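Comments concern the structure below.
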Amino acid sequence: MKQTTANYDEPWKEALTEYFEAFLHFFFPEVHQLIDWTQIPESLEKELNWMWQP
């Protein structure tokens with residue numbers, strides 16, 4: 001029998017992708033002002049995977 005695992009990560013990734021600008025504006029207004037929002041933010045979620053590789 002195949003065991004299913006819960007996907008807790010995906011909703012957080014989707015929420016941050018969708019509301020990233022609003023999140024920064026609310027929690028870090030100084031940082032929000034420094035970002036050029038005419039450029040689409042690029043997710044670098046795979047960049048730190050090497051830290052967890054055996």
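Quick notes on this one:
- Residue in the stretch 31-46 that is touching a residue at least 12 places away in the same chain (Cβ under 8 Å), assigned to a loop (DSSP other than H, G, I, E, B) and polar (S, T, N, Q) present: yes
- Among the residues making up the stretch 1-35, a single one is surrounded by 12 or more Cβ atoms within 10 Å (Cβ to Cβ) and acidic (Asp, Glu): Glu21.
- Per the conditions (1) assigned to a loop (DSSP other than H, G, I, E, B); (2) touching a His at 6+ places or on another chain (Cβ under 8 Å), the sole criterion not satisfied by His25 is (1).
Values quoted throughout were computed directly from the atomic coordinates according to the rules given, and no laboratory measurement underlies them. Small disclaimer: the values here were computed from a predicted structure and weren't measured. FYI the Cβ positions are ideal-geometry reconstructions off the backbone, even for glycines, and counts take in every protein chain you see.
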